[in-house]
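Working notes, beginning with the structure itself.
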Amino acid sequence: MLENLPERQEGEVDMTSHLAGKVILEKGARIVNSHIRGPVIVGENTVIKDSYIGPFTSIYHDCTVENSEVEFSIIMDHCRIIDVGIRIESSILGSEVEILRAGGKPRNHRFILGAQSYLEIV
C-alpha cells in the first residue's frame, strides 16, 4: 500500500536529516537529525528526532520517535518511542502505546499488554 500512495512533503525536514525513497510527510510532521528510508508515511504532528525509520513503516498522527529505530512496522496514533536501545521491527503498536528506556538500576522489563497481545523478547 505505501508504495502506491502519492508522495507528498507537507512537514518539515531539517538540514541534518536524510530522506531516501518514497517518504510521505503529513502536515505538521517534523524530522530532526534522522534518517528515513521509504516507503514510509509519517502522520500529522508526529516528531521523529535522532532516529532511523526504515522501509514499509507507517507512523500515525501525534507520535514521537526519539533516539530509536523502527522499520517494517505500523505505529498507531499518540505513541511514544523514546531511547529504545534495539531496533523495533515487524511490529504493530496500538494507540497511545509508550516504549521507553527506563533509567536507573535494577534494569528490568515492565509490560502492560492488552487482550490478544504477543510479545517476543530476544
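Entry remark, the stretch 1-37: residues being touching a Gly at 6+ places or on another chain (Cβ under 6 Å) and more than 13 Å from Val47 (Cα to Cα) number 4 in total. Among the residues making up the stretch 92-122, those that are under 14 Å from the mean Cα position of the chain (by Cα), in a loop (DSSP other than H, G, I, E, B) and surrounded by fewer than 17 Cβ atoms within 10 Å (Cβ to Cβ) are Gly94, Ser95, Glu96. Within the stretch 80-91, can one find any residue that is among the charged types (D, E, K, R), at pLDDT below 95 and assigned to a strand (DSSP E or B)? Checked the stretch 80-91: at least one residue is among the charged types (D, E, K, R), at pLDDT below 95 and assigned to a strand (DSSP E or B). Count of the stretch 1-30 residues, restricted to those that are in a strand (DSSP E or B), surrounded by 15 or more Cβ atoms within 10 Å (Cβ to Cβ) and out of contact with any His (no Cβ under 9 Å at 6 or more places or on another chain), is 5.
Take the conditions (1) hydrophobic (A, V, I, L, M, F, W, C); (2) at pLDDT 95 or above; (3) touching a Lys or Arg at 6+ places or on another chain (Cβ under 9 Å); Ile59 misses just one of them, which is (3). For the stretch 31-48, a residue qualifies if it is under 12 Å from the mean Cα position of the chain (by Cα) and crowded, with 19+ Cβ neighbours inside 10 Å, and the qualifying residues are Ile31, Ser34, Ile36, Val40, Ile41, Val42, Gly43, Thr46, Val47, Ile48. Beta carbons closer than 6 Å, at least 6 apart along the sequence or on distinct chains, pair a first residue in the stretch 58-87 that is closer than 13 Å to Glu44 by Cα with a second that is buried (at least 18 other Cβ atoms within 10 Å of the Cβ) and among the aromatic types (Phe, Trp, Tyr) for Met76/Tyr60; Asp77/Tyr60.
The residues in the stretch 65-91 that are farther than 18 Å from Pro39 by Cα and either among the charged types (D, E, K, R) or surrounded by fewer than 19 Cβ atoms within 10 Å (Cβ to Cβ) (or both) can be counted, and the count is 10.
Hey, among the residues in the stretch 31-44 that are in contact with a Lys or Arg (Cβ under 8 Å, 6 or more places away or on another chain) and in a loop (DSSP other than H, G, I, E, B), which one's farthest from Asp77 (Cα to Cα)? By that ranking, first place goes to Asn33.
The values are calculated or read from the model by the stated rules, or taken from the named source; none is laboratory data. Everything numeric here is computed off the predicted structure, so don't read it as measured data. Cβ sites come from the backbone with ideal geometry, for glycine too, and all protein chains shown count toward neighbours.
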